[in-house]
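> Provided herewith is a single structure, encoded as structure tokens, for subsequent inquiry.
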Amino acid sequence: MTHDHDLVLRPTDAQTTAALNPPAGRNGGDLVVETLAGLGATTVFGLPGQHALGMFDALRRSDLRYVGLRVENNAGFAADAYGRVTGEAAPLLLSTGPGALTSLAALQEAAAASAPVLAISSQVPTAGLGGGRHGYLHELPDQAASFRGVVKSVHTVRTQSQIPSAIAAAWKSALTAPHGPVWVEIPQDVLLAPTALPGVTALDATPEELVPRPELTALAAHLLSRAERPAVIAGGGVVRADAAGKLLALAEKLDAPVVTTFGGKGAFPWTHPLSLQSWLEDRHTTDFLEDADVLLVVGSGLGELSSNYHTFAPRGRVVQIEADLGKLESNHPALGIHADARLALQALLETVEERTDPTAPERVRDVLGRVAARIGAQELTLEQEVLASVRRALPAGAPSFWDMTILAYWAWSAFDAHAPNLMHSAQGAGGLGYGFPAALGAAAADPTRPVLAVSGDGGALYSVAELATARQYGLDVTWLIVDDGGYGILREYMTDAFGQATATELTRPDYVALAESFGVPGVRTAPDTLEEDLAAALATPGPSVVVLPAVLRMFAPTHLG
């Protein structure tokens, strides 16, 4: 009798021959790039450094495409976007110490947004691991400790034979729901040493599915089927799980209104009769959701932004589907279902009873009308026209990447993403500088469509070096820079709180001239010509910069009263 654990894959004659006669001139770095290729990677991002040269030397013996950015944090943002767009783990190659640490803010954003990034860093030579304090360049007592609170998993390699398994384990971790960044570190001497190990062939690192418990989905289906006023909050987990179709089917089966979080933009059709759109920073929406007798929260932890700054206080029963165990019931008591959004929604679809509520579309229209009236009373025509111009100029199916800037904050609530996985921002961790390098990563992932990046002048100064990257690789990214001469939102916050702003004003360059100095076309526009200029830039292949000098204002918050 043969048991499953007795089965082994026997090598073919060709594999045996290759194993006995590995190519000459390989080092530990070759094991890294061979493993990545064997796992299915095609593109890697990064920045070389002294300790990591073994990996980068191996790239020239590999078919992997390398996209090199100018700052490690920006390389991390590019990998983050690549992972979001493709759903694949995006390799990020880094050097030791300062190079590694410079990527931390990008990895925090990837963690907050559940973007699968496979960061592979060099380390000091093996003798320096464990805080030996030998005084190596870039030495840290415990480099991995700096990343443990940020990434999903940490993997430290000490020998060449550990490289394939460590990277495969990290790959699996990055792609197991919830997706996220992972960290692998390999000492310099391990990367540089010649290797006689056979070339790495295909590995199996298939992530495990996070399946909901059937007794929990049965109870959830019972509650939703018998609800009088059900509603749904759809978060980024719906987008990451590619579950928008199942969400739509469930909402229509239940006649349940749906609001999407800022991370869940596009998870539900914007103009659908049941769509509350994304007006989460509005008391009218908050009141509506609080009034639901059963509230289904899918792929959201109901954090600060998704709860109108923690003023949301549901009165009905909450059902929460969340792949991140730490977020389950972290803010509100709920029937917590630890599961991938796609699998859980499918289970609900199969078990809920159809219900009809002819008043649901009318109630949705009432809420949206109240929101529109509130915004309309604030004399914010410029802001609304600018955002509408961007939407009209952006081709259908083209992704956009938004930095932390006032126009992005408007877009979170008011921008129609058109489809899932097309609008992305740094709202997960909230760091500056995300928009442009992330757009470069998306353009590297799919060169068949233009990509839009949106930044303020403050955020743009974090990323100007990547104009060289855009030019070097001919990446089709149009960068809209809204130039208001400072950190606009902080200027507003400080003026509102203290009567005047401090440390918010910036001396900035001529962004058009700066772009052209990199060989990137630039144009200065105005609100009434923005749509035309932006559309022309997006229609022209290759990188471009559009600068809009404008001081935009935010709509009034509703959580401070």
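> Considering only Val85, Ala58, Ser95, whose Cα is most displaced toward the positive end of the charge dipole of the stretch 52-128, charges sitting on Cβ of Lys, Arg (+1) and Asp, Glu (-1)?
Farthest towards the positive pole: Ala58.
> Something else now. Under a straight-distance cross-link criterion of Cα-Cα below 17 Å, which lysines are reachable from Lys152, leaving out those fewer than 8 residues away in the same chain?
Lys172, Lys327
> Compute the relative contact order of the stretch 83-224 as a whole-number percentage, counting only Cα pairs closer than 8 Å that sit 6 or more residues apart in sequence.
That works out to 26 percent.
> Which one, Ala144, Val259, Ala419, projects farthest toward the positive side of the charge dipole computed for the chain from Cβ point charges (K/R +1, D/E -1)?
It is Ala144, whose Cα lies furthest towards the positive end.
> When the dipole is taken about the Cα centre of the stretch 334-492, and only Lys, Arg (+1) and Asp, Glu (-1) are charged at their Cβ, what size is it in debye, to the nearest 20?
Dipole of the stretch 334-492, to the nearest 20 debye: 80 debye.
> Dividing the Cα convex hull volume of the chain by residue count, how many Å³ per residue is that?
173
> Still on this structure, I have one more. Run through the DSSP bridge list for the chain and note the antiparallel percent, rounded to the nearest 5. Walk me through the numbers before you get to the answer.
Working: 2 of 61 bridges.
Once the DSSP bridges in the chain are tallied, antiparallel ones form about 5 percent.
> Please state, as a whole number in µm²/s, the translational diffusion coefficient that the Stokes-Einstein equation yields for the stretch 398-514 at 20 °C and 1.002 mPa s, with Rh defined as the Kirkwood radius across alpha carbon pairs.
Approximately 145 µm²/s, per Stokes-Einstein.
> Among Leu129, Gln378, Ala166, flag the residue with its Cα farthest along the positive direction of the charge dipole of the chain, charges on Cβ as +1 for Lys/Arg and -1 for Asp/Glu.
Of the listed residues, the answer is Leu129.
> With +1 on the Cβ of every Lys and Arg and -1 on the Cβ of every Asp and Glu, and nothing else charged, how large is the dipole of the chain about its Cα centre, in debye rounded to the nearest 20?
Roughly 620 debye for the chain.
> Next question. Quick one: 3J(HN,Hα) in Hz for the stretch 39-44, Karplus 6.51/-1.76/1.60 with θ = phi - 60°, rounded, Gly and Pro as x.
Going residue by residue, I get 7, x, 5, 10, 9, 10 Hz, with x marking Gly and Pro.
> Here's another thing I want to ask about it. What percent does the relative contact order of the chain come to when contacts are Cα pairs within less than 8 Å and at least six residues apart?
Relative contact order here is 13 percent.
> With each label point set 7 Å from Cα along the Cα-Cβ vector, what nm distance links Asp446 and Arg471?
2.9
> Could you rank the peptides 163-174, 86-97, 379-390 by their average count of other C-beta atoms within 10 Å per residue, with the highest value first?
86-97, 163-174, 379-390
> Then there's this: Principal axes first, then extents: for the Cα atoms of the stretch 130-229, list largest minus smallest coordinate on each axis, whole Å, largest first.
67, 33, 17
> Further question: PRE reach from Gln50 (point 7 Å along Cα→Cβ): which of the stretch 132-154 fall under 12 Å by backbone N?
Label zone hits: 135-139.
> Follow-up question, since we're still on this one. Out of all Cα-Cα pairs in the stretch 23-92, roughly what percent, to the nearest whole number, are more than 16 Å apart?
In whole percent, the share of Cα-Cα pairs in the stretch 23-92 beyond 16 Å is 47.
> Give the long-range amide H neighbours of Val318: residues separated by 5 or more places, or on another chain, with amide H under 5 Å away, using H modelled in the peptide plane at 1.01 Å from N.
Result for Val318 returns Leu295, Leu335.
> To continue, here is another question. Hey, can you grab everything whose amide H is under 5 Å from the amide H of Val117? Only 5+ residues off in sequence or another chain; H modelled, so Pro and N-termini drop out.
For Val117, the qualifying residues are Ala90, Gly180, Val182.
> Moving to a separate point now. What is the extension gain from Ala373 to Arg391, computed as 0.36 nm multiplied by their sequence separation minus the C-alpha to C-alpha distance, in nm to one decimal? Please list the in-between numbers first.
Details: separation 18, 0.36 × 18 = 6.48 nm, distance 2.13 nm.
Contour length minus the Cα-Cα distance gives 4.4 nm.
> If amide hydrogens are placed 1.01 Å from N in the peptide plane, which non-local residues have theirs closer than 5 Å to the one on Ala453?
HN-HN under 5 Å from Ala453: Phe401, Thr478, Trp479, Leu480.
> Place a +1 charge on the Cβ of each Lys and Arg in the stretch 400-558 and a -1 charge on the Cβ of each Asp and Glu, then give the dipole magnitude about the Cα centre in debye, rounded to the nearest 20.
Dipole magnitude for the stretch 400-558 comes out near 260 debye.
> Related question: Taking only the alpha carbons of the stretch 451-529, what extent do you get along each of the three principal axes, in Å, biggest first?
46, 28, 21
> Which ³J(HN,Hα) values in Hz, rounded to whole numbers, follow from the phi angles of the stretch 140-151 under the Karplus curve 6.51 cos²θ - 1.76 cosθ + 1.60, where θ = phi - 60° and Gly and Pro get x?
Per-residue couplings from phi come out as 10, x, 7, 4, 4, 4, 5, 10, 4, x, 10, 9 Hz.
> Arranged from highest to lowest average of other beta-carbon atoms within 10 Å per residue, in what order do the peptides 294-302, 544-552, 104-112, 53-61 appear?
294-302, 104-112, 544-552, 53-61
> Further question on the same structure: Obtain the nm distance between the two label points defined at Arg60 and Arg148 by a simple spin-label model: each point lies 7 Å from its Cα along the Cα-to-C-beta direction.
3.9
> OK, next. Which values of log₁₀ I(q)/I(0), to two decimal places, follow from the Debye formula for the stretch 220-329 at q = 0.18, 0.24 Å⁻¹ with a uniform point scatterer at every Cα?
Summing over Cα pairs of the stretch 220-329 leads to -0.81, -1.58.
> If you don't mind, another one. Quick one: compute a quarter of the convex hull surface over the Cα atoms of the stretch 499-540 and quote it in nm². Show your work: numbers first, answer last.
Details: hull surface 19.2 nm².
One quarter of the hull surface, i.e. the mean projection, equals 4.8 nm².
> Given all pairs of different Cα atoms, what value in angstroms does the Kirkwood hydrodynamic radius of the stretch 100-142 take?
Details: mean 1/r = 0.0830 Å⁻¹.
After inverting the pairwise mean of 1/r, the radius is 12.0 Å.
> Efficiency by 1/(1 + (r/R0)^6): what FRET value for Ala513 and Thr206, r their Cβ-Cβ distance, R0 = 56 Å, to the nearest 0.05? Could the numbers behind the result be given before it?
Details: r = 51 Å, r/R0 = 0.90.
Rounded to the nearest 0.05, the efficiency is 0.65.
Read-outs: derived from the displayed coordinates by stated rules, not from any lab. Just so it is clear, the model here is predicted, and its values are computed rather than measured. Methodologically, a virtual Cβ is constructed for each residue, glycine included, from the backbone with ideal geometry; neighbour enumeration extends over all protein chains shown.
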